[in-house]
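Worksheet: one structure, shown below.
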Amino acid sequence: MGNRTEQSAPEHVAIIMDGNGRWAQARGKPRLFGHHAGARRVREIVESCPDLGVKYLTIFAFSTENWKRTQTEVSGLMKLFKRYLMSETKELVSSGVCVRFIGDRIKLDETLVALMDDLELLTCNNDKVHLTIALNYGGRDEVARATKRLAREVAAGRIDPEDVDDETLARFLDTYVLPDPDLVIRTSGEARISNFLLWQSAYAEYKFIDTLWPDFTRDEFASVLANYSTRERRYGAVPG
C-alpha cells in the first residue's frame, strides 16, 4: 500500500455504538429506553451510507463482555434484537442492504439465531450496503476461535505450518469476506476500542466523539467522514 494524502470516503466504517444507557439515565428513563432509541438510530445511519460513499458498515451491538450486565438489561437487549430483526427485515431487503452477523452464536437463543440466519439468507444477494452486526462478539474471542479452526486444518495436514502467515489466519476470522475497516468511530466520549475488531483494525483510523449514540445523526456522521478525508494514511511508511 502506498502513501496517499487525499482520502475519498472510507469504504468500510466500523462503529462502537456507546452511550445508550447514559442517554436514557439523563432523561430519567431506564437503560433499555436508551437501547431502543439507539436501535432507531441504526436505521438512519445505514440509510445514509450510500449517499455518503460508505459501502461497508460494521456495528458493535453486543460484546462477549456484555453478559456481565444485569439479567434485566441482557434479557431486554435480546428481546430488542429479536424485535429489530423482525421489524427491519422487509426494509433491509427492499433497500438493498446485505446483512451479516459476526460473533459466537453458541450462547444466543435459538429463536434469535434463526432470525439471524433468515435475514442473512434473505439479503445475501443485496449489494448496496453491506451491514455487519457484531453480536456476542469479542476480538480476542474471534482470534481464539479462528486459531482453533486453523489448528484443525494444520493437524489434518491440509495446511503446512510453514505456510501459515497473517493472511492465512485472516481467512479463518469471522470477517473473512470483508475488507478491513478504514475508520473506526466510537461515540459517548470514551477512548477505548473495547475488544472490537482487534486484528482487522491494525491500520484503521480512529475517531472518538463525545456524542451519545442515540444523538449521533446523519449530519454528524457526514462530518466525521469529511474529517477522515483530510487525514494522511501511511501504513507505516514515511510521509510523502
For segment 49-160 the mean separation of alpha carbon contacts under 8 Å (6+ apart) over residue count, i.e. relative contact order in percent, is 40 percent
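Rank-order 13-25, 173-185, 95-107, 118-130 by packing density, defined as the average count of other C-beta atoms within 10 Å over each peptide's residues, highest first. Display every interim value, and only then the final one.
Details: 13-25: 22.7, 173-185: 19.7, 95-107: 17.8, 118-130: 15.3.
Result, highest mean first: 13-25, 173-185, 95-107, 118-130.
By DSSP, what percent of the beta bridges with both residues in the chain are antiparallel, rounded to the nearest 5?
Working: 1 of 27 bridges.
In the chain, approximately 5 percent of DSSP beta bridges are antiparallel ones.
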Largest fluctuation, Ala155, Ala222, Ala114 only, Gaussian network model of the chain with Cα springs under 10 angstrom, belongs to Ala155
Phi angles of segment 75-83, converted by Karplus (6.51 cos²θ - 1.76 cosθ + 1.60, θ = phi - 60°) into ³J(HN,Hα) in whole Hz with x for Gly and Pro, give 4, x, 5, 5, 5, 5, 4, 4, 4
Most exposed to least, judged by fewest other Cβ atoms within 10 Å, Thr211, Thr217, Thr230 sort to Thr230, Thr217, Thr211
Other residues with Cβ under 13 Å from the Cβ of Met78 give, with Lys and Arg +1 and Asp and Glu -1, a net charge of +3
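Among residues other than Gly103 whose Cβ falls under 9 Å from its Cβ, what is the net charge (Lys/Arg +1, Asp/Glu -1)? Intermediate results must be reported in sequence, preceding the final value.
Values: positive: Arg105; negative: Asp104, Asp141, Glu142, Asp174.
Value of the local net charge: -3.
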Note, segment 41-57: 3J(HN,Hα) by Karplus (6.51, -1.76, 1.60, θ = phi - 60°), whole Hz, Gly/Pro = x, goes 5, 4, 4, 4, 5, 4, 5, 7, 4, x, 5, 8, x, 9, 8, 10, 10
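So which GluC sites (Glu not before Pro) in segment 26-69 are both in a DSSP loop and have at most 14 other Cβ atoms within 10 Å of their Cβ?
Working: sites: Glu44, Glu47, Glu65; in loops: Glu65.
Sparse-neighbourhood loop GluC sites (Glu not before Pro): Glu65.
Using 1/(1 + (r/R0)^6) with R0 = 22 angstrom and r between the beta carbons of Asp118 and Arg43, what's the FRET efficiency to the nearest 0.05? Could the numbers behind the result be given before it?
Numbers: r = 19 Å, r/R0 = 0.86.
Plugging the Cβ-Cβ distance into 1/(1 + (r/R0)^6) gives 0.70.
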When the chain is treated as a Gaussian network with springs between alpha carbons less than 10 Å apart, the largest mean-square fluctuation among Leu57, Leu92, Leu169 is found at Leu169
Summed over the other residues with a beta carbon less than 14 angstrom from that of Asp163, with K and R at +1 and D and E at -1, the charge totals -4
From the cross-link list Lys128/Lys148; Lys55/Lys82; Lys68/Lys128; Lys29/Lys55, the entries with a Cα-Cα span beyond 32 Å are Lys128/Lys148; Lys68/Lys128; Lys29/Lys55
The extension gain from Asp109 to Val154, computed as 0.36 nm times the residue separation minus the Cα-Cα distance, is 13.0 nm
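Work out, step by step, the length gained on full extension between Asp215 and Arg231: first 0.36 nm times the residue separation, then minus their alpha carbon distance; give nm to one decimal. Could the numbers behind the result be given before it?
Details: separation 16, 0.36 × 16 = 5.76 nm, distance 2.51 nm.
Contour length minus the Cα-Cα distance gives 3.3 nm.
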Residues whose modelled amide H sits under 5 Å from the amide H of Ile102, counting only those 5 or more places away in sequence or on another chain, are Ile133, Ala134, Leu135
Per the Cα gyration tensor, segment 103-163 corresponds to an equivalent ellipsoid with semi-axes, largest first in Å, of 28, 16, 12
One quarter of the C-alpha convex hull surface, i.e. the mean projected area of the chain in nm², amounts to 14.5 nm²
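Coordinate-derived values only; no laboratory data. Note that the structure is predicted; figures quoted are calculated from it, not measured. In this analysis, Cβ positions are derived from the backbone assuming ideal geometry, glycine residues included, and neighbour counts consider all displayed protein chains.
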